[in-house]
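**Q** This is the structure I want to talk about, given as C-alpha cells.
The values are calculated or read from the model by the stated rules, or taken from the named source; none is laboratory data. The structure presented is a predicted model; accordingly, all values stated were derived computationally and were not measured. We place every Cβ from the backbone using ideal geometry, glycine too, and count neighbours over all the protein chains shown. For accessibility, only protein heavy atoms count, side chains too; no ligands or nucleic acids. Shrake-Rupley method; radii C 1.70, N 1.55, O 1.52, S 1.80 Å.
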Amino acid sequence: MAMADPMEMPSKDKLLALYRNMLTIRRTEEQLVKLYAAGKVYGGVHTYIGEEAVATGVCAHLRSDDAVFSTHRGHGHALSKGVTPRELVSEILGRATGGFGRRGGSMHLFKPEVGFMGSSGIVGPAITLATGAAYTAKLLKLDRVGVAFFGDGGSNNGAFHEAINMAAAWDLPAIYVCENNMYATEVPFAKVTKVHDVALRAQGYGLPGVIVDGNDVLAVYQAAGEAVRRARAGQGPTLLECKTYRTRAHSEGMRDAGYRTAEEIAAWKRRDPLKVFEAKVTAAGAVTAAELEQVDAEVKAMAEEAATFALNSPMPEPASVADHVYSEP
C-alpha cells in the first residue's frame, strides 16, 4: 500500500477544467435535489454531493474509448465522462430528451458513445465489468483502460476479490476506484471489516494499492494519472482508494443522521472538495478567486438551464413503450 506523493501544480487551464467539472456535478445535483423535493422525479436519487473530486480527478485522464462502469451513485461519473447536464436531468425526469432512451432514470445511466458503459443499483458488478473491458483491450492490443467505481460496501462483495485477482494475474489494464465514504447505505464500514483501508487488500493480489484524499481533486488527479499510465503501458491494474464522504442522505428522502452524528457531517462539510481546491490554488497563486467565481457563475447558469430544458421537454410518446426492451439488428 502506498500514499500518493506530493505533486506539481497543473497548468491554469487544467486547474480551471478540474474546477469546472466538479462544479458541473455539484450544481447539477443541486438542481436534481430541488426537482426531487418538488415531486418532479420518479424514483430515488442518490446524489454525488461531497464526492465530486473523485470522478473529476480520475476521468480527467480518460478518453472516450476508455470504459467506465458505475454504481447507483453515478451522476458524477456520467458527467465527468462526457454526459451533458441536459441529458442527465432530462433522463432522470423521464423526458423524451433524456440521453439514455428515457428508461434509465437515476440509477441506470448508459452512454457508450462517450465510454460510459452504465451505472447499476446492484452492488459490485462494476468491478467485474471493468475487468472484462480491460481483458478485451488486452486481447485486441488496444491501449484502453477499464475503470470501475464502487463504494466501500462493494469491496466486501465476492466480485471484488474475483475480478481483482484475475486482473492482477493477467496484468489487465484496469483501475479499481473505491470511493470509501465510510457507510454502505447506513452501515458503518468500520463495523463490517477488521481492515479499514481497502487499499491494503491489494497486497494479497500483487497489485499497487494507493490511498488518496478523495476530497482533494489534485491528489486524486495525480494518483489516477499514474494508474492510467501504468495500465496503458501494460503494467497491470491499480486499486485506488479515495477517502471521501457524501454530505447528503444515502438517497433523497432518507434520513441524514441517526446512524452518523451531526458533528461528523459538519466536519466533512468543512473539507468540501470545492473549498479544499479553492484554498490550495489561491494560496499557491495559480488561480484567482475572481476566476473561480466566474467559472461558478457560468456553471450555475448551465445547470439551471438544464433543469429548465428538462422540465419543458415532452414526455415520451406512448407508442415508444416497447423501445429499448429488446436488442434490434
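**Q** All but one of (1) in contact (Cβ under 8 Å) with a residue 24 or more places away in the chain; (2) surrounded by fewer than 19 Cβ atoms within 10 Å (Cβ to Cβ); (3) of a type in the set (D, E, K, R) hold for residue 216, so report the exception by its number.
**A** Failed condition: (2).
**Q** For segment 119-147, what are the residues that are farther than 23 Å from residue 165 by Cβ and either buried (at least 20 other Cβ atoms within 10 Å of the Cβ) or polar (S, T, N, Q) (or both)?
**A** If the condition is that a residue be farther than 23 Å from residue 165 by Cβ and either buried (at least 20 other Cβ atoms within 10 Å of the Cβ) or polar (S, T, N, Q) (or both), then 119 is the only one that fits.
**Q** Take the residues of segment 159-172 that are open to solvent by 10 Å² or more (accessible area, probe 1.4 Å) and not aliphatic (A, V, I, L, M): which is nearest to residue 242 (Cα to Cα)? Give the derivation first.
**A** Here is the first cut: in segment 159-172, the residues open to solvent by 10 Å² or more (accessible area, probe 1.4 Å) are 159, 161-162, 165-166, 168-171.
Still in the list and also not aliphatic (A, V, I, L, M): 161-162, 165, 170-171.
Numbers: 161: 18, 162: 21, 165: 20, 170: 25, 171: 22 Å.
Here the answer is 161.
**Q** Checking residue 248 against (1) open to solvent by less than 30 Å² (accessible area, probe 1.4 Å); (2) under 25 Å from residue 126 (Cα atoms); (3) in contact (Cβ under 8 Å) with a residue 12 or more places away in the chain, only one condition comes out false. Which one?
**A** (1)
**Q** Against the conditions (1) of a type outside the set (Asp, Glu); (2) out of contact with any strand residue (DSSP E or B) (no Cβ under 9 Å at 6 or more places or on another chain); (3) open to solvent by 50 Å² or more (accessible area, probe 1.4 Å); (4) without any contact (Cβ under 8 Å) to a residue 24 or more places away in the chain, where does residue 196 fall short? Just the number, please.
**A** Tallying (1) of a type outside the set (Asp, Glu); (2) out of contact with any strand residue (DSSP E or B) (no Cβ under 9 Å at 6 or more places or on another chain); (3) open to solvent by 50 Å² or more (accessible area, probe 1.4 Å); (4) without any contact (Cβ under 8 Å) to a residue 24 or more places away in the chain, residue 196 fails exactly one: (2).
**Q** Which of the residues spanning segment 93-116 are more than 19 Å from residue 322 (Cα to Cα) and either in contact (Cβ under 8 Å) with a residue 40 or more places away in the chain or assigned to a helix (DSSP H, G or I) (or both)?
**A** 106, 107, 112, 113, 114, 115, 116, listed by residue number.
**Q** Ok, one more. Condition test on residue 90, is it part of a loop (DSSP other than H, G, I, E, B) and buried (at least 19 other Cβ atoms within 10 Å of the Cβ)?
**A** no
**Q** Looking at 23, 18, can you tell me which residue is surrounded by 18 or more Cβ atoms within 10 Å (Cβ to Cβ) and touching a Ser or Thr at 6+ places or on another chain (Cβ under 6 Å)?
**A** Answer to the selection: 18.
**Q** Could you list all residues from segment 61-87 that are open to solvent by 10 Å² or more (accessible area, probe 1.4 Å), in contact with a helix residue (DSSP H, G or I) (Cβ under 8 Å, 6 or more places away or on another chain) and not in a strand (DSSP E or B)?
**A** Matches in segment 61-87: 61, 62, 64, 71, 79, 80, 81, 82, 84, 85, 86.
**Q** Listed residues 88, 140; which is without any contact (Cβ under 8 Å) to a residue 60 or more places away in the chain, out of contact with any strand residue (DSSP E or B) (no Cβ under 9 Å at 6 or more places or on another chain) and among the hydrophobic types (A, V, I, L, M, F, W, C)?
**A** The conditions single out 140.
**Q** Now a separate question. What's the number of the condition residue 167 fails, among (1) touching a Ser or Thr at 6+ places or on another chain (Cβ under 6 Å); (2) closer than 23 Å to residue 265 by Cβ?
**A** Only one criterion is unmet by residue 167, namely (2).
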